[in-house]
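These notes are about the structure you will find just below.
The values are calculated or read from the model by the stated rules, or taken from the named source; none is laboratory data. Being a predicted model, the structure only gives us computed values, none of them experimental. Counting neighbours? That spans all protein chains shown, and the Cβs are built from the backbone with ideal geometry, glycine included. Protein only, heavy atoms only, side chains kept; ligands, DNA and RNA dropped before computing areas. Shrake-Rupley method; radii C 1.70, N 1.55, O 1.52, S 1.80 Å.
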Amino acid sequence: MLSNSSMEPDQEITLWLTSLHLPQYASSFARAGYRCFKDLRSLTEEKLLEVDNIPTGHRRRILSSLETMMVEVDGGKGSMKVPVRRKPIPSPRQVFPKAKKSGISCQHSQGSNIQTTRNKQTQTRQKQKTITQNNKKQDLSKQHYVDDDDYSTLQEPTVSQCLANECSFKHPTPSTLLSSTGQSALAQPQSDVNDIYSMAQEDLPGLLRPNLPSQTEDSISPYACFYGTRAAATKAGWLDKLSPQGNCVFQRRWVKLEGGNLTYYNSDKEMYSKGLIPVSAVKQVCALGENKFEVVTSVRTFVFRAEKEGERQDWLDVLQPAVSSQSSISHQPCKNNTSKSGYVELRGLKGRVFLSLMRTSFRVCKTDQDFNAGLAITVVDLTAACVKQVERKGFEITTPFKSFCFSVESEHEREEWIEAVQESIVETLCNYEVLEKVWFNKSNRKCADCQAPEPEWASINLCVVICKNCAGHHRFLGPGISKVRSMKLDSSIWTNELIELFLDVGNKNSNSFWEANLPPEDELCKQPSPEQRASFICRKYKKRKYKKVLECLNTQEELNKALCAAVVLPDILQTMALVFSGADVMCATGDPEYSTPYLMAQKAGQRLQMEFLHHNKLSGVFLLGVIRKDASKCIFALVDMVRRWCTLEGGFLSYYDNEKNATPIGRVDLSDVVSLAINNTENITETGTVFTFELYLRSQRVLVFGAETSDAHQDWTLAIAKCFVPARADALLRQDSELIGRLHYKEGHDLYHWRMGWFALVASELYFCSADEDEEEGVLQLKRLQELTVSTHMEGDEKIQVLIMVESGRTVYIHGITKQDFALWHSSIQLAALTDGMALGNQQMNKNDVPIIVDSCISFVTQYGLCYEGIYQKNGDPGRVAQLLKEFTMNARVVKLRAQDHRLEDVTDTLKSFLSHSEDAVLAKELYPFWISALDEQDEKVRVQKYSSYIQSLPKVNRSTLGALLQHLYRIQRCSHINQMSTEWLACVFSSCLFQTKGHTAQETRVVEDLINNYIQLFSVNEEQVRQMEKENSFITRWKDTTLLSIEKQVRWRFAFTYPIFHLSLCSERPLHYKEKILEQVLDWSSLEDPSSAFLTKIKHLNFIKGEQLKFKDGSSKLLLGNKFQDRYLVLQDKKLLLYKDIKFTNFDFPAWHFILALCFLSMRLQMK
């Protein structure tokens, strides 16, 4: 950069802008009327914005340089009014590529006497002038070299550099901090810190790492931007270059003038040059004969030849102005700027070369003299590079474009080179922007635990800045307590909000909570041992021994309630205190739309609250596996599970190799999750006991995660479910679900349109709700399903599987988003609908909540055993009884008891065995003393009242089962004159079954006898029901040889007729009206003198032909026709239904439909029911 003394008031500003590396704005300044330096006196930030659309960093660079240089123009009087720059409003942080270097700043040592510093500046100017006058005789070691990727130029040492070399890196006292405005600010001899801070790294002095600026917190904005522009290539083309051997041999080379360097290559496609000549090192460029020109440096002369005179002149027109525009001061590199240098052997080149590591790149030179002169073979950027050991004394540096293999003299030297290269590679990943911004808060300039200066690490969830040594012990606490990130390497996570959070909180405020009750004797000393450091950090953060105690917040509910109230306010310290005191960041807020504290903070617009809650969400170690389909076996298999570090952030579940990695190896968008399967039982794996859950995705992938503890398993499944289940279905999250997700379904009167619904499977109950707001939640009792079948439907050209569930007259159809999803729900629902153990509540039920096994046995015995003498006293075959019990236990819904297949004694023994061996007695064992004590009452009415109260206290299943059984026994004893089974005998048989005692006693028998005799009063049976039972008993006992006809297999059609197809008649006297109930008519036969003479006939043959024009719809939805009815001519002939477009047509539209397997409905409404 230009020195202050080199700028005159009448001098054009082009050279000044060039020194700032901003020559692109020279024309904009000229158009705005700023041509000379004196024109800039009235320039302010607002006027600068009117000049051109200049980025923030460039504006800061111009104004900061202008402030310093105006002092010289005004003769040091300080009369120039310096424009006051306002602190910029925070905006989303720019994310720069890894290859970009961060900005650099340094601390300037200031004394109390400004004149002393001014004297140093005067001495520095004199040194510079001496260097300029003795250009050829200057000492190489006194010159400063900057390896600039954008400009690659040799620069003179500036005032800021000289001051930086002399600074003591000590924090100034408040009395020495100068204001950014006023005379004292103008009197500062060094460049404004803002100038350095806002400059791109390519423009900064060659310091290896930044240091904290010694300015007040108002002097540098933590949101200052970093900008840098890469100079475009000025000239490129093919030239002949004279061989360095001097034998007049020219070699074809691709030559480029780019970024202040003249480089040449073997071809125009190579990445790395054969030679590099900085323009600043060129003394002159002059023309020679035969279309040649030479480039002269202090070390050697390079001769190039063009094919044509005009081409040579083009090169001269470009090179000569570039050389003449350079400063007259000679530039030479400084070896102090290199981390390591020396002679090595490079594979592919003869002899040894001089290799030097400079920050984030390395230079290959022929000799150290070339290095000092700025000449090089090539410069290689180490971004995305790696280094490894090869052979015994060699090492290899691999870049994305080429590998360089070097050899040294000893193994020790090789290790030194490898270590130095690795440090340079790490430096390419560093970003000092975050570091400087976080350090803007003074309390963040020291470690929160050990007070070490310049900490470079942070715990992003605890909001503390820590040093490298303490960061290692924070990692041992685990990510559940402290999430450690680097402020230099992990720049991708440092959003503008996170930086602002650290600036707002700071170590001082954090320790006001964490060390509120820290006794002096427990404080960590300045240089603690690793054991002392580990113990202190554990007590401070894990055990929370010294934290501030919140008063009046003693329960979890109170903490959660206080957290919900705090997140909508800007006080982040209160939220931090609540969370670290035990408040749940995922607690329910009571608001269905904003169900978590994070959503409440988002609603209130509290960005910092959101950021803090975001980083205190769940993260931890999981076992991750993938379920894939085996195509050869058509089964699904779980791939081996591996340990992964997982985080749940912003609706994404990310997993990493370990917690140290910043880049995830995989990410799941939770909005793509269709189902979440939760396994609440522990599984044994090779790594130990885990609790698993599965994520089913739209892409038909299935991911399996395993948590090490049940608490972590529950927290993660709830958090994941909240991410993909909408607020409309929030009620499902409150259930202890085994399976939750979305399905297509239809029910009710709209059976033609699929709707999206959210389902949750809890034990044997299936909860569901529609995506529509006005729809109510529904629930299906799976153990009470009367039908559970899978059918195949056509949706357009695609076949889909549909699960049909019928429960208490309600029919629900569902099908999945994917095939795997449907298979999961089908198997889970089927399993939940099965019998689960021997408890009454775990049995498959009928619509009256009576176990199907009890209902089936009672119905069979009532139909076939009512007239059987000694029923329930005869024993069945133990083998057949055991087999029948097994069938009922597997799936009672499919067991059909038939007289030709099952014996009556086997069925009665099955019923008694089930009641005796169920896990809970029908009359409840805990009520046994009460049942027996009721016998003390002599009055039967009083006993009945007590029995009634005991029955009401029974569980619902026990009460309904007892009612069905007593009704059956009541009917049996009403026919005791035929079957010889009196109430006393029935009580003797069933007392041990109902009480589950080893043998019956007189007291138990009396209780059961009372229950049977008083069944009508105990269960409030009305007279109509009693007459119906008597009627059925009379029919069964008088009509013994009648067999009822049933149609077991039927096919449903989606069209309806308004006239009957099958005519049923009684005694061939009249057709049976379609509204008449067949069973009632059959029961009326008992009033006939000879009931067996009556019979029911189904007409099997239809010998008539009927045709009529009717409205028709086949139920499928077509694009053009929709769901409209169409006119068709229907013909009924030979048990077939034929459809024609018109009466004149001879070819029917659809295949003939056979009525043998058809079920016809009188209307669409009847079909829906």
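Quick notes on this one:
- Computed over every Cα-Cα pair of region 417-558 and binned at 10 Å starting from 0, the pair-distance distribution P(r) comes out as 11, 39, 32, 14, 3, 1, 0 percent.
- Simple point charges give the picture: +1 on the Cβ of Lys and Arg, -1 on the Cβ of Asp and Glu, and for region 689-813 a dipole about the Cα centre of about 280 debye.
- Considering only Val426, Ile481, Ser491, and ranking their Cα positions along the charge dipole of region 420-574 that arises from unit charges at the beta-carbon of Lys, Arg, Asp and Glu, the one farthest toward the positive end is Ile481.
- Residues in region 847-915 average 47 Å² of solvent-accessible surface per residue, probe 1.4 Å, ligands and nucleic acids excluded.
- Stokes-Einstein D (µm²/s) once Rh is taken as the Kirkwood radius of region 363-477 over alpha-carbon pairs, at 10 °C in 1.306 mPa s: 92
- Cα-Cα P(r), region 926-1031, percent of pairs per 5 Å interval: 2, 12, 23, 25, 22, 11, 4, 1
- Of the whole protein surface, Trp457 contributes about 50 Å² of accessible area at a 1.4 Å probe radius.
- Backbone phi angles across region 350-360, fed through the Karplus curve with coefficients 6.51, -1.76 and 1.60 (θ = phi - 60°), yield HN-Hα couplings of 7, x, 9, 10, 9, 10, 9, 9, 10, 6, 10 Hz in residue order; Gly and Pro are listed as x.
- Sparse-neighbour loop sites [trypsin sites (Lys or Arg not before Pro); region 948-1029; at most 12 other C-beta within 10 Å; DSSP]: Lys998
- Relative frequency of Cα-Cα separations exceeding 17 Å in region 681-749, percent: 52
- q = 0.20, 0.29, 0.31 Å⁻¹, region 919-964: log10 I(q)/I(0) [Debye, one scatterer per Cα]: -0.64, -1.08, -1.15
- The mean accessible area for residues of region 968-1043, using a 1.4 Å probe and ignoring ligands and nucleic acids, is 50 Å² per residue.
- D (Stokes-Einstein, µm²/s), Kirkwood Cα radius, region 705-851, 1.002 mPa s at 20 °C: 131
- Only Lys, Arg, Asp and Glu carry charge here, each on its Cβ (+1 for the first two, -1 for the last two); on that basis region 833-977 has a dipole of about 380 debye about its Cα centre.
- Region 516-543 and region 457-478: distance between their alpha carbon centers, rounded to Å: 14
- Segments 1017-1026, 845-854, 890-899 sorted - mean Cβ within 10 Å per residue, highest first: 845-854, 890-899, 1017-1026
- Environment charge of Ala287, counting only residues whose C-beta is closer than 14 Å and scoring Lys/Arg +1, Asp/Glu -1: -2
- Taking Cα centre as origin and charging only the Cβ of basic (Lys, Arg, +1) and acidic (Asp, Glu, -1) residues, the dipole magnitude of region 920-1042 rounds to 280 debye.
- Taking Lys and Arg as +1 and Asp and Glu as -1, the other residues whose beta-carbon sits under 13 Å from that of Thr692 total -4.
- Restraint check, Lys340/Lys402; Lys446/Lys561; Lys783/Lys874, Cα-Cα greater than 28 Å: Lys446/Lys561; Lys783/Lys874
- Element breakdown for region 765-911 at a 1.4 angstrom probe: carbon and sulfur atoms account for 45% of the accessible area.
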